[in-house]
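**Student:** This is the structure I want to talk about, given as structure tokens.
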Amino acid sequence: VAKLFDLGFKRVQMTPDLLPGDIVGFYIFDQKTGEFRLRKGPIFTNLLLVDEVNRASPRTQSALLEAMQERQVTIEGDSFRLEEPFMVVATQNPVEMEGVFPLPEAQLDRFLVKINTGYPSREGFKTLLKKIEELESAIEGLKPVVSKEQVAKAIHEARSITVDDSIYDYIVSIIEETRTHPAVRLGGSPRAGIAILRLSRAWAYLEGRNYVIPDDVKAVAKPAL
């Protein structure tokens, strides 16, 4: 995806011994100049893939929080804005749950959506086996089809999609219902409502409309919540 959209891409394999500085970066002493210089971590990119995020310690997991919320990182008191667009994609391994550090609710709340991939269908799996070599070689040869500027323009256009007051009421009603329903342990936060709103705008944009309808909210509410 990063190749197709001409975006910067970095991948971090989370492990228990990983430190926050391994993600955000740190200052090192340059003996040639006699000064400290910043060595930026992999978080300074457009698309950051955090593989098996629950394998890292809570301290290291927390290094992502400021970046995901404020789009900046702070290193030894100095704050640095991250380049736009910026997005974190994280995976969790649902099989091996020993020796992992579950993400607290507040940290999970910073992710826009949760998507369960599951297994492919029988026919899909068969096709994958037949074409795996072709697919892997094709990925290496991918060229950008959309520029970074076009991505930024699309983001701006999606954010300007019209939302009627009745849609705001609809989203508020959904969130409030999750807080009172007896089958829900923990209701949606204000951030959950913001996620549904932004996703609804993006869904409408992809559907070619400049306004949000209730079906857009229905399409995105479950993965957001």
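The values are calculated or read from the model by the stated rules, or taken from the named source; none is laboratory data. All of these numbers come straight from a predicted model, not from anything done at the bench. All Cβ positions, even for glycine, are placed from backbone atoms using ideal geometry, and neighbour counts span all protein chains on display. Heads up: the accessible areas ignore ligands, DNA and RNA and are worked out on the full protein's heavy atoms, side chains in. Shrake-Rupley method; radii C 1.70, N 1.55, O 1.52, S 1.80 Å.
**Student:** Check Leu82: other-chain or 5+ apart residues with amide H under 5 Å from its amide H, H built from backbone geometry?
**Tutor:** HN-HN under 5 Å from Leu82: Gln72, Val73.
**Student:** What is the sum of charges, Lys and Arg at +1 and Asp and Glu at -1, for the other residues whose Cβ falls under 13 Å from the Cβ of Pro144?
**Tutor:** Residues near Pro144 contribute +1 overall.
**Student:** Can you give the accessible area per residue of segment 112-225, in Å², using a 1.4 Å probe?
**Tutor:** Ligands and nucleic acids excluded, the figure is 76 Å² per residue.
**Student:** Next question, about the same structure. State, to one decimal in nm, how far the label point of His156 lies from the label point of Lys143, with both points 7 Å from Cα in the Cβ direction.
**Tutor:** Using points 7 Å along Cα→Cβ, the separation is 2.7 nm.
**Student:** Sticking with this one: Please compare each pair in Lys10/Lys148; Lys148/Lys222; Lys3/Lys114; Lys3/Lys40; Lys114/Lys218 to a cut-off of 18 Å on the Cα-Cα distance and tell me which ones are over it.
**Tutor:** Listed pairs above 18 Å: Lys148/Lys222; Lys3/Lys114; Lys3/Lys40.
**Student:** List the residues, sorted by chain then number, that are 5 or more residues from Asp6 or on another chain and whose placed amide H is less than 5 Å from its amide H.
**Tutor:** Val145, Val146
**Student:** Could I ask something else about it? Translational diffusion coefficient, Stokes-Einstein: compute it for the chain using the Kirkwood radius over C-alpha pairs as Rh, at 20 °C and 1.002 mPa s, and state it as an integer in µm² s⁻¹.
**Tutor:** For the chosen part, D equals 106 µm²/s.
**Student:** Continuing with this model, one more query. Name the most mobile residue of Val184, Val53, Val163, meaning the one with the largest mean-square fluctuation, in a Gaussian network model of the chain with Cα contacts below 10 Å.
**Tutor:** Its mean-square fluctuation being the largest, the pick is Val184.
**Student:** Further, regarding this structure: Could I have the simple spin-label model distance between Arg179 and Thr91, label points 7 Å from Cα toward Cβ, reported in nm to one decimal?
**Tutor:** 3.7
**Student:** For a quick check, take a GNM of the chain with Cα springs below 10 Å and name the residue from Ser137, Ser121, Ser57 with the largest mean-square fluctuation.
**Tutor:** Ser121
**Student:** For segment 5-130, what is the relative contact order in percent, using Cα pairs closer than 8 Å and at least 6 residues apart in sequence?
**Tutor:** The value is 25 percent.
**Student:** Moving on. What fraction of the DSSP beta bridges in the chain is antiparallel, stated in percent and rounded to the nearest 5?
**Tutor:** 50
**Student:** Expressed as an acute angle from 0 to 90° and rounded to the nearest 10, what is the orientation of the C-alpha long axis of helix 148-159 relative to the principal long axis of the chain?
**Tutor:** So the helix axis and the longest Cα principal axis differ by about 40 degrees.
**Student:** Same structure, new question: Using Cα pairs under 8 angstrom and six or more residues apart, how large is the relative contact order of segment 124-210, in percent?
**Tutor:** The normalised contact order for segment 124-210 reaches 29 percent.
**Student:** Pick from Leu49, Leu129, Leu82: which is most flexible by mean-square fluctuation in a GNM of the chain where alpha carbon atoms under 10 Å apart are linked?
**Tutor:** Leu129
**Student:** Next question. Top to bottom by accessible area (1.4 Å), largest first, where do Met68, Met14 land?
**Tutor:** Met68, Met14
**Student:** Please tell me the relative contact order of the chain in percent, rounded to the nearest whole number, where contacts are Cα pairs under 8 Å and at least six residues apart.
**Tutor:** 18 percent.
**Student:** Based on a Kirkwood Rh over C-alpha pairs, give the Stokes-Einstein translational diffusion coefficient of segment 99-225 at 37 °C and viscosity 0.692 mPa s in µm²/s.
**Tutor:** It diffuses with D of about 186 µm²/s by this estimate.
**Student:** A further question on this structure: Please work out whether segment 23-72 counts as rounded, prolate or oblate from its C-alpha gyration tensor, where a ≥ b ≥ c are the square roots of the eigenvalues and a/c under 1.5 means rounded, while otherwise a/b larger than b/c means prolate and anything else oblate?
**Tutor:** Verdict is prolate for segment 23-72.
**Student:** Helix 165-180 versus the longest principal axis of the chain: what angle, 0 to 90°, nearest 10, using Cα atoms?
**Tutor:** Approximately 80 degrees, to the nearest 10.
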